[in-house]
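Right, one structure below, let's go through it.
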Amino acid sequence: MRRKLDKSRDGTTLVIATHNQGKLREINELIEPYGFAAVSVGELGLPEPAEDGTTYIENARIKALAAATASGKPALADDSGISIDALHGAPGIFSARWAVDKKFGPAMERVEEELAWREALTEPKAHFVSALTIAWPDGHMEDFEGTVHGTLTFPPRGDHGFGYDPIFIAEGQSQTFGEIDPSIKNAMSHRADAFKQLAAVCLE
Ligand code: IMP
């Protein structure tokens, strides 16, 4: 049976199982209107579990369950990434690992180099995916997956957002996720898509 977050049983604090400040900011904005306050695993001093799953949902489950078990509170995790058609879906679940010292300049350069090598630099198609999992301390979990499709552009543009945002132009937009107002990204992103599904099942 699907489970909702119940404020009288679960409280109004949601543990957010991420050490990524960009994700934390976006998730905070998504949960606030529902009366939940975020506390991150970083603030609670909880360790990062090994993300050794083979899908976004497996990795989101690993992070959410570890945080819920350690904190004794419901925890929300996002596992996400970008899949590039001409690179057969890479970097996908390895998106964070293409960064060098957590910097995404080199990751975006690598994408451009790999596309150039394949002569695939003309409006390359890509999509972001976000898997969101809520885990409760008793082990129950609810999972949702969202996507946003678009094309890539080089060189990177804009300093809003995080990760690969400066090279991604969502369908119907002319500016990158790094250039558009964050409120527009937050209404149409892969994370927003997954969160809408989550809200319909677990929050409303
Ligand atoms: P994770 O923390 O292992 O899920 O790694 C996700 C990685 O995917 C991030 O570090 C970013 O590089 C990338 N990513 C996920 N969502 C976004 C987004 O909304 N914008 C830009 N990059 C993203």
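Rule-based calculations on the coordinates, nothing more; no lab input. None of these values were measured; they are calculated from a predicted model. Cβ coordinates were reconstructed from backbone atoms using ideal geometry, including for glycine residues, and neighbour counts include every protein chain displayed.
For segment 9-110, compute Rh as the Kirkwood radius over C-alpha pairs and then the Stokes-Einstein diffusion coefficient at 20 °C and 1.002 mPa s; write the answer in µm²/s, rounded to an integer. Numbers along the way, then the final one.
Values: Rh = 14.6 Å.
Result for D is 146 µm²/s.
With +1 assigned to the C-beta of every Lys and Arg and -1 to the C-beta of every Asp and Glu, and no other charges, what is the dipole magnitude of the chain about the Cα centre in debye, to the nearest 20? Don't jump to the answer; show the numbers that get you there.
On the way: 20 positive and 31 negative charges, 104 e Å.
Dipole of the chain, to the nearest 20 debye: 500 debye.
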**Fill in**
Projecting the Cα atoms of PHE128, GLY163, GLY92 onto the charge dipole of segment 62-163, where Lys and Arg contribute +1 and Asp and Glu -1 at Cβ, the residue farthest towards the positive end is GLY163
**Prompt:** Can you give me the relative contact order of segment 7-203 as a percent, contacts being Cα pairs under 8 Å and 6 or more apart?
**Reply:** 18 percent
**Request:** Given the peptides 158-169, 72-83, arrange them by the average over their residues of other C-beta atoms within 10 Å, most packed first.
**Result:** 72-83, 158-169
**Item:** Inter-label distance, nm, simple model (7 Å from Cα along the C-beta direction), THR13/GLU109
**Value:** 4.2 nm
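If r is the Cβ-Cβ distance from ASP101 to ASP159 and R0 is 25 Å, what FRET efficiency results, to the nearest 0.05? Could you put the intermediate results ahead of the total?
Working: r = 18 Å, r/R0 = 0.73.
In this case the efficiency is close to 0.85.
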**Item:** Relative packing of peptides 107-120, 128-141, 190-203 - highest average C-beta neighbours within 10 Å first
**Value:** 128-141, 190-203, 107-120
**MRE, 222 nm, helices only [DSSP H, n ≥ 4, -39500 (n - 2.57), over the chain, to nearest 500]** = -8500 deg cm²/dmol
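Tell me the Kirkwood hydrodynamic radius of segment 7-203 in angstroms, computed as one over the mean inverse distance between distinct C-alpha pairs. Intermediate results must be reported in sequence, preceding the final value.
On the way: mean 1/r = 0.0585 Å⁻¹.
It works out to 17.1 Å.
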